[in-house]
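Before any comments, here is the structure.
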Amino acid sequence: MSRLLPALLSLMLAASGALAQGYGYDSSSKTGLNDRTTDRVVRLLEQGLRQCQALDPVYRYDCYRQNYRAAGQQLDRNPAYAPARQALRDVESTLSDVLKTSADPAAKPERRQGKRFAAITTAAIPGSRAAFTSALDQAATQLLRSTGSSRDHFARIASALNSNKVFLRP
């Protein structure tokens, strides 16, 4: 873990440095990868995390699930992002499983900004956090193993996943 943090920080700095230097959006990208799409997904993951953190902890896991679904849907029509889409869907699937196994049938759904969130039991929060963290680790690893022209784009998405993980610490 202590070796992972410096590596992640250097990845984040490299990505932000490239953007600051103007190596931005390339509308003629033949790979199908572009900064606009990658930025949209990263921004959605980051904003969604903040929105979910504003909820009571028992509702956060459904919020996270919905956020990862929305992020994956941003990539549906672009085959170049298939590995990233699959990584996000895998996280969403883990969170769906958490909700199925840990749902609190006595809790009323929470409604915020036109969305409805289901609750899990308070006792299930530690296990749910562990499952979510593990799913984020697996997804980030998948993305960081990418090669070729997708490497930078997928590393930026992996960085967003890893920053989400930091907020899950108890």
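The values are calculated or read from the model by the stated rules, or taken from the named source; none is laboratory data. Keep in mind the model is a prediction, meaning the values are calculated, not measured. A quick note on method: Cβ atoms are made from the backbone with ideal geometry, for glycine too, and the neighbour counts reach across all protein chains shown. These accessible areas exclude ligands, DNA and RNA; they are computed on the full protein's heavy atoms, side chains included. Shrake-Rupley method; radii C 1.70, N 1.55, O 1.52, S 1.80 Å.
Tell me whether the stretch 88-105 contains one or more residues that are under 13 Å from V41 (Cβ atoms) and either more than 19 Å from the chain's Cα centre (by Cα) or open to solvent by 30 Å² or more (accessible area, probe 1.4 Å) (or both).
Scanning the stretch 88-105 turns up at least one residue that is under 13 Å from V41 (Cβ atoms) and either more than 19 Å from the chain's Cα centre (by Cα) or open to solvent by 30 Å² or more (accessible area, probe 1.4 Å) (or both).
If only one of R65, R77 is modelled with pLDDT of 95 or more, open to solvent by 20 Å² or more (accessible area, probe 1.4 Å) and either among the basic types (K, R) or over 14 Å from R156 (Cα atoms) (or both), which one is it?
R65 is the lone residue from the list that is modelled with pLDDT of 95 or more, open to solvent by 20 Å² or more (accessible area, probe 1.4 Å) and either among the basic types (K, R) or over 14 Å from R156 (Cα atoms) (or both).
Sort out which residues of the stretch 87-130 are of a type in the set (K, R), without any contact (Cβ under 8 Å) to a residue 12 or more places away in the chain and over 11 Å from D62 (Cα atoms), and write them in order of number.
The answer is K108, R111.
In the stretch 113-148, which residues are within 14 Å of P83 (Cβ to Cβ), open to solvent by 70 Å² or more (accessible area, probe 1.4 Å) and hydroxyl-bearing (S, T, Y)? Don't jump to the end; show me each part of the working.
Going residue by residue through the stretch 113-148, those that are within 14 Å of P83 (Cβ to Cβ) are 138-148.
Of the ones still in play, those that are also open to solvent by 70 Å² or more (accessible area, probe 1.4 Å) are 138, 142, 145, 147.
The answer is T147, and nothing else.
Only one residue in G24, G17, G72 is modelled with pLDDT under 50, more than 15 Å from S159 (Cα to Cα) and open to solvent by less than 60 Å² (accessible area, probe 1.4 Å). Which one?
After applying the criteria, what remains is G24.
Looking only at the stretch 32-61, which residues are closer than 14 Å to L168 by Cα, free of Cβ contacts under 8 Å to residues at least 60 places away in the same chain and crowded, with 16+ Cβ neighbours inside 10 Å?
Scanning the stretch 32-61 gives G48, C52, R60.
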